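Undergrad: The structure under discussion is supplied below as C-alpha cells; questions concerning it will follow.
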Amino acid sequence: MPKAKSKPSSAIELLKNDHDYVKQSLRRFEKMDHEDREAVHALVQQVCKALKAHTRLEEEIFYPAVRKALDEEDLLNEAEIEHDSAKTLIRRLERMKPGDPKYIATFTVLGEYVKHHVKEEESEMFPKVRRRKLNLEALGKKILERKARL
C-alpha cells in the first residue's frame, strides 16, 4: 500500500508544537522535587535548548515574514523584547550551578515570561497572521529546514 503524502505543517502549527512542548515541560518542573538537582538541571537544559532554537526560528524566519504581512510594529517589537528577556535569563541559567539558591527562581521567572509570551502570540499574533495572505506552509517548510540545521 503506498504511503500517503503528509501535508506540510504550517508555520503556526510548528510554533504551537514548540509552545506545547515548553508548556508541558514547565508543568513537569512545577511538580518535580526541586531538591533533585540532577533531574531539575536536565529539564532546565532541555527547555533552554528548545527555547533558544525556537526564538531563532521566530526571529530569523517567522517575524520578518509577519512584519511584511502585518502593520503591527508594536506587537512584533514587544515579542522581540520578550525574546531578549528570555535569552538573558537563559544565559544566566547556563552560567549557574543547579545548587545556586536562585537557580529555581530564575527558571520559574523564565517560565512565567514564556507563558505570557506564548499566550500573546497564540491569542493575538497568530489569529492576525492567519487572516493575512501569508503562505504558512512555505514558512513552515523554511522553519523545518532551519530547525534541522540547528
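Bear in mind these aren't lab numbers, they're just calculated from the coordinates by the rules spelled out. Here the structure is a predicted model, which is why all the values come from computation and not from measurement. Virtual Cβ from ideal backbone geometry, glycine too; neighbours counted across all protein chains shown.
Undergrad: Tell me what the chain gives for mean residue ellipticity at 222 nm when only DSSP H runs of n ≥ 4 count, each as -39,500 (n - 2.57), the sum divided by the residue total, rounded to 500 deg cm²/dmol.
TA: Working: 7 runs with 110 residues, N = 150.
Taken over the chain, the calculation gives -24000 deg cm²/dmol.
Undergrad: What is the order of Thr88, Thr108, Thr55, fewest Cβ neighbours within 10 Å to most?
TA: The most exposed by this proxy come first: Thr88, Thr108, Thr55.
Undergrad: When only DSSP loop residues count, what GluC sites (Glu not before Pro) in the range 36-99 have their Cβ near at most 11 other Cβ atoms within 10 Å?
TA: Answer by residue number: there is no such site.
Undergrad: Taking the Cα centre as origin and putting +1 on Lys and Arg beta-carbons and -1 on Asp and Glu beta-carbons, what dipole magnitude results for the range 15-128, to the nearest 20 debye?
TA: Around 560 debye, computed over the range 15-128.
Undergrad: Moving on. Considering the options Leu134, Ser25, Leu144, tell which one lies farthest towards the positive end of the dipole of the chain, charges being +1 on Lys and Arg and -1 on Asp and Glu at the Cβ, about the Cα centre.
TA: In the chain, that residue is Leu144.
Undergrad: For volume of the Cα convex hull per residue in Å³, one of (1) 107; (2) 97; (3) 136 was computed from the structure I shared and the rest are decoys. Which label?
TA: (3)
Undergrad: Would you mind counting up the charge near Lys97? Only other residues with Cβ under 14 Å from its Cβ, with Lys and Arg at +1 and Asp and Glu at -1.
TA: Charge balance in the 14 Å sphere: +1.
Undergrad: Something else: Once you charge only the Cβ atoms, +1 for Lys and Arg and -1 for Asp and Glu, what is the size of the charge dipole of the range 54-115 about its Cα centre, to the nearest 20 debye?
TA: Charge dipole, the range 54-115, about its Cα centre: 580 debye, nearest 20.
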